[in-house]
Amino acid sequence: MIRKIDFGLQALIVLFFLTVLVWFSIANHSFNFMAFLVLPVLSIWQLVSAMLIMLLLHRPGVKKRLAAYWKCAIPCAAILLGTILFGQKAIDDNEILPQVFLAIGLIGGGLASLYYLYLYMKYFL
């Protein structure tokens, strides 16, 4: 029951993120602002959820299935956090490299989130 609620809330956050992303893209031709607000919340939630599943769910193959998620989520989070913390001046100066890292972090984090939802729906519910 708790895993179904967890999955449902994650799915709602993703739906909200995609809706706002499309709306901001159409209205302002910019999605960075809402991506910064919603994606970190979803990422933190999913990281905690994945840790709890690895610790509490004793099914064969859980760690193996989550290994690909961890291999993608942690580097994307590090790239995104590093770019935000250390590249803000370069981003404000419109330099291209930090913006590329920012895009990699956002796209990779979004794809990792969708992959985690797929794993959750298929194997952990």
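The values are calculated or read from the model by the stated rules, or taken from the named source; none is laboratory data. From a predicted model like this one, the values you see are computed outputs, not experimental measurements. Note: ideal-geometry Cβ built from the backbone for every residue, glycine included; neighbour counts use all protein chains shown.
So here's what we get for this one:
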{"read-out": "Hits in the range 53-70 (condition: under 19 Å from Asp6 (Cβ atoms) and not hydroxyl-bearing (Ser, Thr, Tyr))", "value": "Ile53, Met54, Leu55, Leu56, Leu57, His58, Arg59, Val62, Lys63, Arg65, Leu66, Trp70"}
{"read-out": "Condition check for Lys63: out of contact with any Cys (no Cβ under 8 Å at 6 or more places or on another chain) and at pLDDT below 80", "value": "no"}
{"read-out": "Scope the range 67-116; condition under 24 Å from Leu52 (Cβ atoms), surrounded by 17 or more Cβ atoms within 10 Å (Cβ to Cβ) and of a type in the set (A, V, I, L, M); matching residues", "value": "Ala73, Ala77, Leu80, Ala112"}
{"read-out": "Residue match in the range 74-97 (condition: under 13 Å from the mean Cα position of the chain (by Cα), of a type outside the set (S, T, N, Q), closer than 25 Å to Lys4 by Cα and outside any loop (DSSP other than H, G, I, E, B))", "value": "yes"}
{"read-out": "Matching entry among Leu39, Leu47, Leu52, Leu12 (being within 12 Å of the chain's Cα centre (by Cα) and at pLDDT 85 or above)", "value": "Leu47"}
{"read-out": "Hits in the range 85-125 (condition: without any contact (Cβ under 8 Å) to a residue 24 or more places away in the chain and of a type in the set (Val, Ile, Thr))", "value": "Ile91, Ile96, Val100, Ile107"}
